[in-house]
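Step one of this worksheet: look at the structure below.
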Amino acid sequence: MLGNFEYSNPTKLFFGNEAQKNLVQALMPFGKKVLLTYGGGFINSNGVYYDVIAALKEAGKEVVELPGVMPNPTVEKLNEGILAARENVDILRESL
């Protein structure tokens, strides 16, 4: 054990055909940059990608993308995500 600590992971999930329309309001309290991670091409072919990008831009968010995330990602892909976050999220850059 790493000593005493507290962990909280509140998660809000939206379900339904047009659930992504809730994205704008849900993201308003957060920072200006978003790391969008996704897998293969299906997100593009079904149109969800474009809906999400439009909602993020409407919410005034700057989008940093990490495509190609596979199920059970490799350490290399994880490190890509860490690097993308460190390079693009102000609070992480300041703490390095």
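The values are calculated or read from the model by the stated rules, or taken from the named source; none is laboratory data. These numbers come from a predicted model, not from an experiment. We place every Cβ from the backbone using ideal geometry, glycine too, and count neighbours over all the protein chains shown. Each accessible area value is taken on the protein alone, full model and side chains, heavy atoms only, with ligands, DNA and RNA left out. Shrake-Rupley method; radii C 1.70, N 1.55, O 1.52, S 1.80 Å.
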- Hey, can you tell me all the residues within the range 36-49 that are at pLDDT below 90 and among the aliphatic types (A, V, I, L, M)? Ile43, Val48
- Would you pick out the residues in the range 37-76 that are more than 15 Å from Lys21 (Cα to Cα), out of contact with any Gly (no Cβ under 7 Å at 6 or more places or on another chain) and either in a helix (DSSP H, G or I) or β-branched (Val, Ile, Thr) (or both)? Phe42, Ile43, Asn44, Ser45, Val63, Val64, Thr74, Val75, Glu76
- Task: Provide a single number: the residues in the range 37-62 that are touching a Leu at 6+ places or on another chain (Cβ under 8 Å) and open to solvent by 40 Å² or more (accessible area, probe 1.4 Å).
- Result: 1
- Six or more apart or on different chains, Cβ under 9 Å: which pairs go from a residue in the range 59-87 that's on the phi < 0 side of the Ramachandran plot to one that's modelled with pLDDT of 90 or more and loosely packed, with under 11 Cβ neighbours inside 10 Å? Could you list them? Lys77/Met70
- Message: Tally up the residues in the range 45-73 that are under 18 Å from Val24 (Cβ atoms) and either of a type outside the set (Val, Ile, Thr) or touching a Pro at 6+ places or on another chain (Cβ under 8 Å) (or both), please.
- Response: 13
- Name every residue in the range 53-96 that is more than 15 Å from Lys32 (Cα to Cα) and modelled with pLDDT under 90, in order of residue number. Glu94, Ser95, Leu96
- Task: Taking the residues in the range 7-36 that are part of a helix (DSSP H, G or I) and among the small types (Gly, Ala, Ser) as candidates, determine which candidate is least open to solvent (accessible area, probe 1.4 Å).
- Result: Ala19
